[in-house]
Amino acid sequence: MPKICVFPGDGIGPEVVREALSVLRTVEEVAGGRSFETEEELLGGASYDVHGVPMTERAMGLACGADAVLLGAVGGPKWDPLPFAVRPERALLGLRKNLGLFANLRPAKVFAPLLDASPLRRELVEGIDLVVVRELTGGIYFGEPRGIRVENGVEVGINTEVYTRPEIERVARVAFELARKRGRKVTSVDKANVLEATELWRRIVTEVHDREYKDIDLSHMLVDNCAMQLIRHPKQFDVIVTTNLFGDILTDEASMITGSIGMLPSASLGGRVGLYEPIHGSAPDIAGKGVANPLATILSVALMLRYSFGMPAEAVWIEEAVEKVLADGFRTGDIYREAPGVRRVGTGEMGEQVRRAVRKQAEGAVRNIVR
Ligand code: IPM
Ligand code: MG
């Protein structure tokens, strides 16, 4: 039986993961035959509080031995004063690095019922369907030298942006392959006019393109311009490929143009085990209140079924169920706007509505086969 390692994490993590897992159980029920073993472990601040470290060896072992990992979120102000090495974020970064997850796919798609939740005008947003491929195990997040030290009596903070040829080539290939299944367009985002590491990035992405992916329309964009273009004309993008840090920043921006950061799932690939997590954080301000939006985590389960378990039909059931629930007017606080037929619901009720819609999707699918 395939095994999923589950890290609910901190803040709203446990609440949204609970709903996502329960949607997975519904898929098991209705898909008939495929079931999954799940095992939960503490990660992040929750692990620090019990074990004194944000990720135990047991937790790492569990992730390595699983077929996929589902993660809620880590971190929170409670742990901010901790020394760098034991901060919750270290667990997430360690997990990504140790599992070799160099390609982070962050799709930003607008659900039609949420068009008015975007801060941008409807005509700018309608039909946005882009994916950011964020390099995830290199760049300034991991580069050496790093640290804070005193040099000649002055405190100095140091981080280093480093990219090697193989790191750039492999993530570029992921982006080009993905574009082949979509709109055949890749925008590579860098700061090649200032940073040598990304001057190399631009050169190598171009080489890989010219050698292996001539059928894809490749363009390059400076990151500051890209931040602007995402607001000015977001529909111009299909696949964006970029560095770890730029990808971190641009995906928060991309999520907001689709309505809420509470809607965007992600898949981290490249190793044997895929990692699936919402792109939002632990939202400590609303943790434990039962109001968080579970849809990004639920949609992350859909990505898991698609990429780790070869179950694209079931992935679509979940995605269409989410669309249906939104069309029926159910909204958590982050995407709520008062309007006729629109109802504000909590985390649990949102999950329940999705489960109901998944059952209907599955019934419909069976009916079509019988017919
Ligand atoms: C993300 C988050 C993480 C990152 C943090 C929590 C370390 O912001 O997944 O986008 O910077 O990668
Ligand atoms: Mg981020």
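Values computed for the structure shown
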| item | result |
| --- | --- |
| Spread of Cα-to-Cα distances over 5 Å intervals beginning at zero, given as percent, for the stretch 222-338 | 2, 10, 17, 20, 20, 18, 10, 3, 0 |
| For ALA108, distant residues with modelled amide H under 5 Å away | LEU130, VAL131, VAL132 |
| Built amide H within the under 5 Å cut-off of VAL241, gap 5+ | VAL133, THR187, SER188, VAL189 |
| Whole-number Å³ per residue for the convex hull built on Cα positions in the chain | 155 |
| ³J(HN,Hα) computed for each position of the stretch 82-96 - Karplus, 6.51 cos²θ - 1.76 cosθ + 1.60, integer Hz, glycine/proline x | 5, x, 2, 5, 10, 5, x, 4, 4, 5, 5, 5, x, 4, 4 |
| Ratio Rg/Rh [Cα only; Rh per Kirkwood] for the stretch 103-155 | 1.34 |
| Derived scalar couplings ³J(HN,Hα) [the stretch 266-278; Karplus, 6.51 cos²θ - 1.76 cosθ + 1.60; whole Hz; x for Gly, Pro] | 8, 10, 10, 10, x, x, 6, 10, x, 10, 10, 7, x |
| Packing-based order for 50-58, 121-129, 338-346, 187-195, using average beta carbon neighbours within 10 Å, highest first | 187-195, 50-58, 121-129, 338-346 |
| Square roots of 5 times each gyration tensor eigenvalue, C-alpha, the stretch 112-260, largest first, Å | 29, 22, 11 |
| Given LYS185/LYS324; LYS185/LYS289; LYS109/LYS191; LYS181/LYS289, the pairs whose alpha carbons are separated by over 31 Å | LYS185/LYS289; LYS181/LYS289 |
| CD proxy at 222 nm, helix term only [per DSSP H run n ≥ 4: -39500 (n - 2.57); per residue of the chain; nearest 500] | -14000 deg cm²/dmol |
| Calculated FRET value between GLU126 and GLU151, using beta carbons and R₀ = 56 Å, to 0.05 | 0.60 |
| Rounded Å value of the spacing that divides the Cα centres of the stretch 149-189 and the stretch 223-255 | 14 |
| Among ARG211, ARG337, ARG272: highest mean-square fluctuation, GNM of the chain, C-alpha pairs under 10 Å | ARG211 |
| Shape category assigned to the stretch 1-149 from the gyration tensor of Cα positions, a/c cut at 1.5 | oblate |
| Within-13-Å neighbourhood charge of MET256 [Cβ basis; K, R +1; D, E -1] | -2 |
| Lys, Arg +1 and Asp, Glu -1 on Cβ, resulting dipole of the chain about Cα centre, debye, nearest 20 | 880 |
| Karplus-derived 3J(HN,Hα), 6.51/-1.76/1.60, for each residue of the stretch 112-117, Hz, glycine and proline x | 3, x, 9, 3, 7, 7 |
| Pair VAL316, GLU253: separation of 7 Å Cα→Cβ label points (nm) | 3.4 |
| Under-5 Å amide H pairs with GLY143, H placed in peptide plane, nonlocal only | THR160, VAL162 |
| Distance between the stretch 281-354 and the stretch 1-60 - C-alpha centres, whole angstrom | 17 |
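Throughout, read-outs are computed from the coordinates displayed, never taken from laboratory work. The structure presented is a predicted model; accordingly, all values stated were derived computationally and were not measured. Cβ: placed from backbone, ideal geometry, glycine included. Neighbour counts: every protein chain shown.
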